Amino acid sequence: MKQKIISALFLLFAYSIYPQPVSTHSCCQEQSGFELVDKVIEDGIADTAFPGAVLLILKDNKIIYENAYGHYTYDQNSPEVSVNTIFDLASVSKVIATTTAVMLCYDRGLFKLDDLVAKYIPEFSQHEKGHIRIKNLLLHNSGLPSWKKFYELYDNPDDVLKDIYASSLEYPTGTKMLYSDLGMITMGKIIEKVTGKSLDKFCRDEIFIPLEMKNTGYNPAPEIKNSIAPTELDNYWRNRQLQGEVHDETAFLLGGVAGHAGLFSTASDLSKILQMLLNKGEYKGRIFIKPETIAFFTRKYSSLSSRALGWDTKSVEGSSAGRFFGGNSFGHTGYTGTSVWADPSRNLAVIFLTNRVYPTRNNVKIAKVRPALHDAVINAVEN
């Protein structure tokens, strides 16, 4: 009891720097022990880190806490966020869709991680890139540039892909990690080559439908627009509020479907795929991915970085997962304000969805909220 009181007082002091909280919109009855978790998010909203959020905590094969906070925008007359609100996942798409698809293809023998990228995309070998392997794309150590303002150069997907395949390397392959959208876009195209399906259709048929992820996919239908949290007020290219269309400019140019971004989903849908991964590939009696494949893809690959294959792992310092998640934790964040983190040692996953880029991407206050939130979750779960 003394330890619980000390932990609670410490967290209250740590989060007292935030302004007073705003109202909470919960899907379920308030659960004792999660008040400090709510406070971190509510104070983040009051501090304009993001206008709205959904949190879901998964523990031991069940959802132990789920809550919604704030509004679609900072206008208190805008719709309240609900636990069913759909969010633009941004780079969380890399792990939920693309990396899961890679694991499926890997298990089915459709490619090997040591296969050359040029085996599947011959034009990729330009400018001395013929030696790059599939695993280099997943580890973000290929040497490819991080990203590029394609929207200032092109207006169609073919030109974007030609530019990516013709890119020169920025550093020797394998010598360091540089997080690269270009590499994951290329990975998405390899998946399409070996499966004979577009990335969105393969993920729909092999991942989302079987896992009963009913509100997950690319290019949401116009009729569900009002169920989707808006992202940015785009005043530099599309010149409109972005709601129900992908925020990432390159993904938009690629038709809304890309290996690095474009996926929309809800917290409850994401909990299903996180549960499958924590269950070593099993969900509701069906084996989706081999246990050894999940273990291989979600562990830190080398000492050069915290990267796993597609996934990231918890770094020693400065992780968005905070201080207390286990060393074998894996997760990913998204530019729009989304994140997923799983801690296999605790059989725990935390899904935290926000639209922090509303009204502008220049707001980076979420960087302080994320670790504080995950610390509060561990405190609530274990004390």
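Throughout, read-outs are computed from the coordinates displayed, never taken from laboratory work. Bear in mind the structure is a predicted one, so any value in this text is a computation, not a measurement. Here the Cβ is made from the backbone with ideal geometry for all residues, glycine too, and neighbour counts use every protein chain on show.
Summary table
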read-out	value
Interchain or long-range residues, amide H under 5 Å from TYR283's placed H	PHE288
Which of SER168, SER142, SER78, SER320 has the fewest Cβ neighbours within 10 Å, and the rest in rising order	SER168, SER78, SER320, SER142
Label-to-label distance, nm, for residues given as GLU35 and GLU282 (7 Å Cα→Cβ offset)	4.0 nm
Local net charge near THR250, Cβ-Cβ under 12 Å (Lys/Arg +1, Asp/Glu -1)	-4
Cα centroid separation, segment 154-186 to segment 28-91 (Å)	35 Å
Vicinal HN-Hα couplings computed from phi for segment 305-316 (Karplus, 6.51 cos²θ - 1.76 cosθ + 1.60; Hz; Gly/Pro x)	7, 8, 5, 9, 7, x, 7, 10, 10, 6, 6, 5
Normalised contact order of segment 246-329, rounded percent, pairs of Cα under 8 Å and 6 or more residues apart	13 percent
Residue order, fewest to most surrounding Cβ atoms within 10 angstrom, among PHE124, PHE330, PHE202, PHE296	PHE296, PHE202, PHE124, PHE330
Residues TYR74, TYR218, TYR120, sorted so that the one with the fewest Cβ neighbours within 10 Å comes first	TYR74, TYR120, TYR218
Principal-axis tilt of helix 267-278 within the chain, Cα atoms, nearest 10 degrees	70 degrees
Nearest-ten-degree value, helix 2-15 long axis tilted from longest Cα axis of the chain	70 degrees
Proximal charge balance of ASP158 [Cβ under 15 Å; K/R count +1, D/E count -1]	-3
Contact order normalised by residue count of segment 83-313, Cα under 8 Å, 6+ apart, percent	28 percent
Sites GLU128 and SER198, calculated FRET efficiency, Cβ-Cβ separation with R0 45 Å, nearest 0.05	0.90
Calculated FRET value between THR360 and GLU317, using beta carbons and R₀ = 25 Å, to 0.05	0.30
Signed unit charges on C-beta, dipole axis of the chain, positive-most listed residue LEU182, ASN226, ASN279	ASN279
Net charge over other residues, Cβ less than 12 angstrom from the Cβ of PRO371 (K, R count +1; D, E count -1)	+2
Flagged links, alpha-carbon separation over 32 Å, of LYS189/LYS314; LYS129/LYS280; LYS112/LYS148; LYS39/LYS314; LYS201/LYS280; LYS59/LYS193	LYS129/LYS280; LYS59/LYS193
For segment 163-171, Karplus couplings with θ = phi - 60° (6.51, -1.76, 1.60), whole Hz, Gly/Pro x	5, 4, 5, 8, 4, 8, 7, 8, 7
For segment 170-211, convex hull of alpha carbons as volume per residue, Å³	100 Å³
Cα lying deepest toward the dipole's positive end in the chain, options THR360, HIS71, LEU309, charges on Cβ	LEU309
Separation of alpha-carbon centers, segment 243-263 and segment 134-153, rounded to whole Å	16 Å
Cβ charges +1 (Lys, Arg) and -1 (Asp, Glu), total dipole of the chain, debye	1100 debye
Crossing angle, helix 181-195 versus the chain [Cα axis fit, 0-90 degrees, rounded to tens]	70 degrees
At most 13 other Cβ within 10 Å, DSSP loop - GluC sites (Glu not before Pro), segment 237-328	GLU317
Student exercise, segment 164-251 dipole from Lys, Arg, Asp, Glu Cβ charges, in Debye to nearest 20	160 debye
Debye, to nearest 20: dipole size of segment 46-105, +1 on Lys, Arg Cβ, -1 on Asp, Glu Cβ	300 debye
Distance between modelled label sites at GLU152 and LEU304, nm, 7 Å Cα→Cβ extension	2.9 nm
Long-range amide H partners of TYR335 with built H, under 5 Å	SER91, VAL92
Spherically averaged projected area of the chain from its Cα convex hull (nm²)	18.4 nm²
